[in-house]
1. May I ask you to say which residue of D152, D143 is surrounded by 12 or more Cβ atoms within 10 Å (Cβ to Cβ), under 22 Å from the mean Cα position of the chain (by Cα) and among the acidic types (D, E)?
2. When you go through L106, L100 one by one, which is the residue that is under 26 Å from A164 (Cβ atoms) and touching a strand residue (DSSP E or B) at 6+ places or on another chain (Cβ under 9 Å)?
3. Could you list all residues from the stretch 126-140 that are surrounded by 12 or more Cβ atoms within 10 Å (Cβ to Cβ) and either closer than 12 Å to L50 by Cβ or acidic (D, E) (or both)?
4. Would you point out which residue out of H102, H89 is at pLDDT below 95 and within 15 Å of F168 (Cβ to Cβ)?
5. Please enumerate the residues belonging to the stretch 53-69 that are of a type outside the set (D, E) and within 17 Å of the chain's Cα centre (by Cα).
6. Quick check on K59: is it surrounded by fewer than 20 Cβ atoms within 10 Å (Cβ to Cβ), touching a Leu at 6+ places or on another chain (Cβ under 6 Å), closer than 27 Å to E192 by Cα and modelled with pLDDT of 95 or more?
7. Of everything in the stretch 98-129 that's assigned to a helix (DSSP H, G or I) and more than 25 Å from the chain's Cα centre (by Cα), which residue is farthest from P158 (Cα to Cα)?
Amino acid sequence: MIANDVMKNICLKVALILAVSMWALPAPSQDTAKKDTAAKPPLSPSEAVLETWNDIGRKLLAMAEDFPEDKYDFKPTPAQRSFAEQLLHAAGANYFFINLAHGQKLPAEEDPKREQYKTKADVAAFVKKSFADGAAVIKAKGDKGMDDLLTDPNTHRPVRVADAAYSFIEHSGEHYGQLAVYYRVAGLVPPESRPKK
């Protein structure tokens, strides 16, 4: 008898604890329920490429506009490109994609000369223009154009427009990572690493 009373008492206490804890949990709001049920459709092929292209362009432009102009010729080691040269290289390389996609002659040189882009504003404008020009190509090609074939000038093999774009996105990402190190070596914090307001 005593064991039954103890078991009933324990079961009642457990039931009471469960009921109170369930009552204390917040109910999903209508906003949360709407967000869960109103899933966005996936991006189309060209939208996905464009979003990624624009994202790395935004990051590099933020660095170009943020880094102190008096440190634009900073190099972590003598063998490396300067901060400005890194940006010019990444932005200039975009024209190997842009020109190829337009069926135009490729740039004569891999890197734009620093003497042509003397100020921080000049470099930032070039970075901005190169990514805008690339975005325009991607938009013009659209979804159907992402599968158009280009001939890779290095391998002489066909490559899809989307794949070519992604290879230059990846290239810009490599230089973004290098520039983040330049920030740290110079005692600065890259824009993307700062607390969001």
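The values are calculated or read from the model by the stated rules, or taken from the named source; none is laboratory data. Just so it is clear, the structure is predicted and the values come from calculations on it, not from any experiment. For neighbour counting, all protein chains shown are included, and Cβ atoms are generated from backbone atoms with ideal geometry for every residue, glycine included.
1. None of the others qualify; the one that does is D143.
2. Values: L106 fails: touching a strand residue (DSSP E or B) at 6+ places or on another chain (Cβ under 9 Å).
Going through L106, L100 in turn, just one is under 26 Å from A164 (Cβ atoms) and touching a strand residue (DSSP E or B) at 6+ places or on another chain (Cβ under 9 Å): L100.
3. Those that are surrounded by 12 or more Cβ atoms within 10 Å (Cβ to Cβ) and either closer than 12 Å to L50 by Cβ or acidic (D, E) (or both): F131, A132, D133, G134, A135, A136, V137, I138, K139.
4. Selected residue: H102, the only one of H102, H89 that is at pLDDT below 95 and within 15 Å of F168 (Cβ to Cβ).
5. In the first step, residues of the stretch 53-69 are kept if they are of a type outside the set (D, E); the result is 53-54, 56-64, 67-68.
Across the stretch 53-69, the qualifying residues are W53, N54, I56, G57, R58, K59, L60, L61, A62, M63, A64.
6. Here the answer is no, as K59 does not meet what is asked.
7. Going through the stretch 98-129, the residues assigned to a helix (DSSP H, G or I) turn out to be 98-102, 114-116, 120-129.
Those still in the list that are more than 25 Å from the chain's Cα centre (by Cα) too: 114-116.
Numbers: R114: 33, E115: 36, Q116: 34 Å.
If we take residues in the stretch 98-129 being assigned to a helix (DSSP H, G or I) and more than 25 Å from the chain's Cα centre (by Cα), then E115 is farthest from P158 (Cα to Cα).
Let's see how each residue does on (1) modelled with pLDDT of 95 or more; (2) among the polar types (S, T, N, Q):
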{"position": "A108", "(1), (2)": "no, no"}
{"position": "D111", "(1), (2)": "no, no"}
{"position": "K118", "(1), (2)": "yes, no"}
{"position": "S130", "(1), (2)": "yes, yes"}
{"position": "A135", "(1), (2)": "yes, no"}
{"position": "P153", "(1), (2)": "no, no"}
{"position": "P158", "(1), (2)": "yes, no"}
{"position": "V161", "(1), (2)": "yes, no"}
